[in-house]
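S.K.: One structure, as structure tokens, below. Some questions next.
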Amino acid sequence: MLRYQTVPVTQFQQNCSVVWCDATHKAAVIDPGGDLDRLLAAVDKLGVTLEQIWLTHAHIDHAGGTGELARRRALPVVGPHPGDQFWIDGLAQQSRMFGFPAAEPFVPTRWLADGDTVTLGEETLSVRHCPGHTPGHVVFYSASAQRAFVGDVLFAGSIGRTDFPQGNHQQLIDSITQRLWPMGDETVFIPGHGPESTFGRERRSNPYVAGT
């Protein structure tokens with residue numbers, strides 16, 4: 001079974017998720033934006049073996065700690081989609097702009113595309129490319145656990161911003177309706193910020209996508 005624990009990091013309280021296979025205790029961290037010592041303390045307390053870094057997108061609060069974590073633990077970086085290369089290239093500038101610690105550069109070990117899969121021990125998650133918030137944003141979905149790690153595509157009661165460079169509102173709505181909703185109303189999603197919700201609840205009550 002896939003299990004996870006959410007660890008809010010950075011001054012933006014970004015939901016970094018430690019995900020692991022319960023059978024093998026092999027783990028990945030999704031979106032290590034910063035606060036690495038606290039994040040690694042949580043990993044050690046769980047008693048899991050950290051083997052991968054997965055990125056939904058390359059905004060500073062999601063990817064700022066990636067380079068340092070990859071170096072410290074000799075971890076591969078999986079994701080995002082190549083559309084976010086320019087955000088990775090600009091991490092140093094993002095750090096200065098938002099007052100974050102300097103972000104170490106990194107090169108993804110593996111880029112992701114729509115329809116790809118990622119594997120963690122005995123667990124396999126599917127990858128959906130969900131542009132709009134950023135052009136290279138991806139989502140990780142576990143059908144067996146009915147959980148989706150959606151980054152900044154969708155929130156409880158809101159949706160991702162589209163006023164950043166290469167953001168696109170209609171693309172974001174299409175990503176939500178065409179690629180998230182088919183995962184099912186009962187699927188619980190872990191957003192990049194704030195509380196968890198279900199796709200069904202958002203389809204009913206989220207003012208940005210209600211009735212879609």
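S.K.: Out of 136, 167, 211, I need the residue that is at pLDDT below 95 and either farther than 23 Å from residue 87 by Cα or of a type in the set (Gly, Ala, Ser) (or both). Which one?
M.R.: Only one candidate qualifies: 211.
S.K.: Of these, 7, 77, which one is closer than 19 Å to residue 147 by Cα, under 15 Å from the mean Cα position of the chain (by Cα) and of a type outside the set (D, E, K, R)?
M.R.: 7
S.K.: Out of the residues in the stretch 31-61 that are outside any helix (DSSP H, G or I) and of a type in the set (D, E, K, R), which is least open to solvent (accessible area, probe 1.4 Å)?
M.R.: Looking at residues that are outside any helix (DSSP H, G or I) and of a type in the set (D, E, K, R), I get 31.
S.K.: State which residue pairs qualify: first residue over 15 Å from residue 146 (Cβ atoms) and inside the stretch 194-212, second residue crowded, with 16+ Cβ neighbours inside 10 Å and hydrophobic (A, V, I, L, M, F, W, C) in any location, beta carbons under 6 Å apart, and separation of 6 or more residues or different chains.
M.R.: Close Cβ pairs (under 6 Å, with a partner that is crowded, with 16+ Cβ neighbours inside 10 Å and hydrophobic (A, V, I, L, M, F, W, C)) amount to 194/155; 194/156; 195/156; 208/159; 209/176.
S.K.: Identify, by number, the condition in (1) assigned to a loop (DSSP other than H, G, I, E, B); (2) surrounded by fewer than 24 Cβ atoms within 10 Å (Cβ to Cβ) that residue 18 doesn't meet.
M.R.: Just one mismatch for residue 18, condition (1).
Results for (1) under 28 Å from residue 143 (Cβ atoms); (2) not charged (D, E, K, R), shown as yes or no for each residue.
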| position | (1), (2) |
| --- | --- |
| 2 | yes, yes |
| 6 | yes, yes |
| 17 | yes, yes |
| 27 | yes, yes |
| 51 | yes, no |
| 62 | yes, yes |
| 67 | no, yes |
| 80 | yes, yes |
| 86 | no, yes |
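S.K.: Which condition number does residue 117 fail, the rest of (1) touching a residue at least 24 places away in the same chain (Cβ under 8 Å); (2) in contact with a Leu (Cβ under 8 Å, 6 or more places away or on another chain) being met?
M.R.: Going through (1) touching a residue at least 24 places away in the same chain (Cβ under 8 Å); (2) in contact with a Leu (Cβ under 8 Å, 6 or more places away or on another chain) one by one, residue 117 breaks only (1).
S.K.: Now for a different question. For residue 59, state whether it is out of contact with any helix residue (DSSP H, G or I) (no Cβ under 9 Å at 6 or more places or on another chain) and either in contact (Cβ under 8 Å) with a residue 12 or more places away in the chain or among the aromatic types (Phe, Trp, Tyr) (or both).
M.R.: no
The values are calculated or read from the model by the stated rules, or taken from the named source; none is laboratory data. Worth saying up front: this structure is predicted, and the values here are computed from it rather than measured. Every residue, glycine as well, gets a Cβ built from its backbone with ideal geometry; the counts of neighbours run over all protein chains shown. Accessible surface areas use protein heavy atoms only, side chains included; no ligands, DNA or RNA. Shrake-Rupley method; radii C 1.70, N 1.55, O 1.52, S 1.80 Å.
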